[in-house]
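Colleague: Handing you a structure now.
The values are calculated or read from the model by the stated rules, or taken from the named source; none is laboratory data. It should be emphasised that the depicted structure is a prediction, and the values quoted were computed from it without experimental measurement. Methodologically, a virtual Cβ is constructed for each residue, glycine included, from the backbone with ideal geometry; neighbour enumeration extends over all protein chains shown. Each accessible area value is taken on the protein alone, full model and side chains, heavy atoms only, with ligands, DNA and RNA left out. Shrake-Rupley method; radii C 1.70, N 1.55, O 1.52, S 1.80 Å.
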Amino acid sequence: DEAEIRGHRKTYIGAMPGRILQNLKKAGTSNPLFVLDEIDKLGRDHHGDPSSAMLEVLDPSQNHDFQDHYLDVPCDLSKVLFIATANDVGKIPKPLYDRMEIVTLDGYIPEQKLQIARRYLVPKALKEHALRRTELQIPAATLRKVIQGYTREAGVRDLNRHVQALARKATAKLVMEEAKAPLKVEAGELHE
């Protein structure tokens, strides 16, 4: 909410500076790099409008004398480099969007997702579910079908969820002795 950015007024119990100044102190420098993750999720509620506070933080014409409510002294944020991420730029409040330099990063292509799954996601899932490579095999054709038919995002978060689900089901089948190792998940068996 707004108080997370601008700080709480000292009259409130448990008042403290806002997250911007807390992290500026933590960084120990006047020119750090701040990453504001998923700025498109800013919401307006009964706690105030965080987008107007973010406007004061990000706007070069205003951020040289940013006022934190707790400290009640101007703070120069003009040397701070802010990078904000967003999944949907259409949901960023218009005044904020107008003050940002937009850099669009495309998602992974299916072949990149396949390599990420084979090199990182499958080994991670095997380790987390106490499985050996000899107990569960997920061929490239199966991973391709998961990528093309079960995921729609640019990243690999959903792909990771599906690989984890395959590992969970394989673990259950092996423990319940419904299947014997090596359990090979074929593309045609994905629905099951």
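Colleague: Tell me which of these R168 doesn't satisfy, since it passes every other one: (1) over 30 Å from N63 (Cα atoms); (2) modelled with pLDDT of 85 or more; (3) open to solvent by less than 30 Å² (accessible area, probe 1.4 Å); (4) of a type outside the set (G, A, S).
Modeller: Here R168 meets the rest and fails (3).
Colleague: Output the number of the condition that G43 fails; it satisfies all remaining conditions of (1) more than 16 Å from P93 (Cβ to Cβ); (2) exposed (fewer than 15 other Cβ atoms within 10 Å of the Cβ).
Modeller: (1)
Colleague: Additional query: Can you tell me which residue within the stretch 124-140, out of those that are part of a helix (DSSP H, G or I) and in contact with a strand residue (DSSP E or B) (Cβ under 9 Å, 6 or more places away or on another chain), is surrounded by the fewest Cβ atoms within 10 Å (Cβ to Cβ)?
Modeller: Looking at the filtered set, the residue picked out is L126.
Colleague: Name the single residue that is nearest to K10 (Cα to Cα) among those in the stretch 28-56 being among the hydrophobic types (A, V, I, L, M, F, W, C) and at pLDDT below 85.
Modeller: Top of the filtered list is A53.
Colleague: In the stretch 22-40, which residue that is among the β-branched types (V, I, T) and open to solvent by 30 Å² or more (accessible area, probe 1.4 Å) is farthest from T85 (Cα to Cα)?
Modeller: T29
Colleague: While we're looking at this one, here's another question. Pairs, please: C-beta under 6 Å, at least 6 apart or cross-chain, first residue closer than 21 Å to Q22 by Cα and open to solvent by less than 60 Å² (accessible area, probe 1.4 Å) and in the stretch 74-100, second modelled with pLDDT under 85 and aromatic (F, W, Y)?
Modeller: Listed pairs, sorted by first residue: C75/F66; L77/F66.
Colleague: If you don't mind, another one. Identify, by number, the condition in (1) touching a helix residue (DSSP H, G or I) at 6+ places or on another chain (Cβ under 6 Å); (2) within 19 Å of P110 (Cα to Cα) that L183 doesn't meet.
Modeller: (2)
Colleague: Turning to a different aspect of this structure: Whether any residue in the stretch 171-179 is under 32 Å from the mean Cα position of the chain (by Cα) and open to solvent by 30 Å² or more (accessible area, probe 1.4 Å) is what I want to check.
Modeller: yes
Colleague: Same structure again: I want to confirm something. Restricting to the stretch 148-170 and keeping residues that are in a loop (DSSP other than H, G, I, E, B) and among the small types (G, A, S), which single residue is nearest to L136 (Cα to Cα)?
Modeller: G155
Colleague: Something else: If you go through the stretch 1-21 one residue at a time, how many are open to solvent by 90 Å² or more (accessible area, probe 1.4 Å) and closer than 12 Å to D72 by Cα?
Modeller: Going through the stretch 1-21 one residue at a time, the tally reaches 2.
Colleague: Search the stretch 127-144 for residues that are closer than 15 Å to L159 by Cα and pair each with any residue that is open to solvent by 90 Å² or more (accessible area, probe 1.4 Å) and assigned to a strand (DSSP E or B) when their beta-carbon atoms are under 9 Å apart and the residues are at least 6 apart or on different chains.
Modeller: Pairs found: I138/K184; P139/K184; T142/K184.
Colleague: Can you tell me which residue is nearest to V175 (Cα to Cα) among those in the stretch 117-137 that are among the hydrophobic types (A, V, I, L, M, F, W, C) and within 27 Å of the chain's Cα centre (by Cα)?
Modeller: The residue in question is A130.
Colleague: Here's something else I'd like to know. Any residue at all in the stretch 171-186 that's in a helix (DSSP H, G or I) and either in contact (Cβ under 8 Å) with a residue 60 or more places away in the chain or within 17 Å of L121 (Cα to Cα) (or both)?
Modeller: yes
Colleague: Regarding I109, is this residue hydrophobic (A, V, I, L, M, F, W, C), under 26 Å from L21 (Cα atoms) and loosely packed, with under 15 Cβ neighbours inside 10 Å?
Modeller: no
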